[in-house]
1. How big is D, in µm² s⁻¹, for the range 488-590 by Stokes-Einstein at 4 °C and 1.567 mPa s if Rh is the Kirkwood radius over C-alpha pairs?
2. Express in nm, to one decimal, how much length is gained between Lys291 and Ala522 on full extension, taking 0.36 nm for each residue of separation and deducting their alpha carbon distance.
3. Counting only residues 5 or more places away or on other chains, whose amide H sits under 5 Å from the amide H of His30 once H atoms are built in the peptide plane?
4. Classify the range 197-241: rounded, prolate or oblate, from the alpha-carbon gyration tensor (a ≥ b ≥ c, eigenvalue square roots; a/c under 1.5 rounded; otherwise prolate if a/b is larger than b/c)?
5. Calculate the dipole size of the range 300-357 relative to its Cα centre from +1 charges on Lys and Arg beta carbons and -1 charges on Asp and Glu beta carbons; express the result in debye to the nearest 20.
6. Within the range 167-257, list the trypsin sites (Lys or Arg not before Pro) lying in a DSSP loop whose Cβ has at most 14 other Cβ atoms in a 10 Å radius.
7. For the range 214-293, just say rounded, prolate or oblate: build the C-alpha gyration tensor, square-root its eigenvalues into a ≥ b ≥ c, call rounded for a/c under 1.5, and beyond that prolate if a/b exceeds b/c, oblate if not.
8. When the dipole is taken about the Cα centre of the chain, and only Lys, Arg (+1) and Asp, Glu (-1) are charged at their Cβ, what size is it in debye, to the nearest 20?
Amino acid sequence: MCGIYVTNIPFSEEEIQTKLSSIQFRGPDHTGIKKIGDLTFGHLRLAIIDLDARSNQPMQLAEYTIVFNGEIYNFTTIKEELIELGNTFETTGDTEVLLKGYQQWGKKIVPKLNGMFSFAIYNAISNTIFCSRDRLGVKPFYFSWNDGEFEICSQLRPICQNKKLNETAISIYLDCTYIPSPFTIFQDVHKLPPGSNLEIDLTAKRHTISKYWNLEPVQITKLNYDEAKEKLHALIKDAVKIRLQADVPFGTFLSGGIDSALVSSIASKISKVPIHTFTIGFQDPKYDESKIALQFATLIGSEHFETICKPEDIIKLIPKLVAVYDEPFGDSSALPSLLLNKIAKQHVTMALSGDGGDESFLGYNHFDWVAKFKKLIKTPYLLRVFASHFLIFNILGKRTESIKRILKVKSKYDFITGIFVGYNSLLLNRNLDWISLYDGFKNNSKNLHQATADLNIKLWLENDSNVKVDRASMAYSVEIRSPFLDYRIVEFARTLPVSYRYQKGKKKRILKDILSEYIPEAIFDQPKKGFSVPMDSWIRNELKEEFITNLPDDFLKQVPNLNLPKFKRMFQSHLAGKQDYSSYIWRVYVLSKWYQEFGYFKK
């Protein structure tokens, strides 16, 4: 896990060093800068495999130069194939394998890779740069382009100087709580979409982007349930095993959920020594899963570390969140994620997580809504609109507004989209044309659960979950590896009948049946509380003054397309305890802190 940088803009060495220093946390073990002609390559290394200086970057081989962030989990298999073709190796790491693989096969190396990665390889003879990002967007890749001048980086901060704000991106953020690829909050700066290659012809001053992987329509497997469970179990065990390759101490993040419990259980079986497990708990029992996690840890025999997240911890971490996330990021679970990595770093440098299981195996609560909507959509549209006018607040509670909007959706596509962009909006003028970039989810529209899962993977997983995990871990120089993000598992899961994964309200059915081979079902089959913080209560109490201070009218009036009267009504209603608008308040608050951090608003 590292930070990469490439540019053809003639910055001084001091300027390059300053840029890299701003994201030094991504790679504290070695800083490498190399100039080749008009190009400058920068690399920040967090050493995980082959800790020797021989694996430092930028790395050169004949006419090729590489900067690479991430891990190639199957690099030993690729290495064996390259040795059979006559190649020799001077290191024991994956960077040299990737570079020699590109020398051998060109861009055909990319489909061979099983890993999380973003890299750039320069060919001095053809004067071209080949870049690629992993299939699911686990590792970030930003680039700016202006008439042939470019910058490439693992984070936004080093390449955003003097850039104008992208008002469209801000509107998307206020809907989604994040800014999805290819957008960034700045004009002329972009994210390379997952599963894509970027090729730059330096002579022609031209760049092209192409897809090498996507979620394609699939055929449902003919395997029966037990056969599918056995095959999936083998895939998960292998995904965990290849992610345990490391030359540094490692552990796992363990919540009260199915996914992390399964990953930790398998890792404990594979490891020759007791693994370290790490859990974040909360004082509010509605959010706390630490007691369940402790039961898991006791059963698998791990060395367990538990930390309780308090409001004062959150206040201390807010500057860190703004400093390392670069763009406004409105998922409040980033805060306990930061705390979790801060604690873990005291003991390990690499950790496995359960991220990705909910997307492929239908674990989120909104999959219950999908099941209900499948029945609702059979009711004629006009009748649903009529019914929406008669909802009684006292019966349906605080979700009345969202339920009314769900009743009024015109199609299943609108319903699925609403899950991820919200049925309520802070915007004066809402334009969802950008969602067409993610229309691939309609390939499985005949199956509403799978269509929802596909948009979950393509939109939310990359732009929320993966961003949260990458920045929170890199903030403390920790590498996180997620077995459920192994593309083989994602692809196989999509071939499974929905009934194998979700049946009569039983979410993640097949994963639970696999986990029961390690942990008694009576222990793990408890309501999932999610990795979230009690922000609704904190805004009204412990953090009230913090929010009032940072949401003045002078700032709110600067936010493009914000429905200011509506937001102020929501804020007051929340403070009065009438409704829970904490998600909306938090995302605007984070935007305010970002404006302050990057100099766009001064109190």
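1. Numbers: Rh = 17.5 Å.
It diffuses with D of about 74 µm²/s by this estimate.
2. Numbers: separation 231, 0.36 × 231 = 83.16 nm, distance 1.41 nm.
Length difference between fully extended and current span is 81.7 nm.
3. Arg45
4. Values: a/c = 9.76, a/b = 2.62, b/c = 3.73.
Oblate, since a/c reaches 1.5 and b/c is not below a/b.
5. Working: 5 positive and 8 negative charges, 41 e Å.
Dipole size: approximately 200 debye.
6. Numbers: sites: Lys191, Lys205, Arg206, Lys211, Lys222, Lys229, Lys231, Lys237, Lys241, Arg243; in loops: Lys205, Lys222, Arg243.
Passing both the DSSP loop test and the Cβ count: Lys205, Lys222.
7. Oblate is the answer for the range 214-293, as a/c is 1.5 or above yet b/c matches or exceeds a/b.
8. Values: 77 positive and 68 negative charges, 514 e Å.
Dipole of the chain, to the nearest 20 debye: 2460 debye.
The values are calculated or read from the model by the stated rules, or taken from the named source; none is laboratory data. Every value quoted in this text rests on a predicted model; they were computed, and no experiment measured them. In this analysis, Cβ positions are derived from the backbone assuming ideal geometry, glycine residues included, and neighbour counts consider all displayed protein chains. Remember, those area values only see protein heavy atoms, side chains included, never the ligands or the DNA or RNA. Shrake-Rupley method; radii C 1.70, N 1.55, O 1.52, S 1.80 Å.
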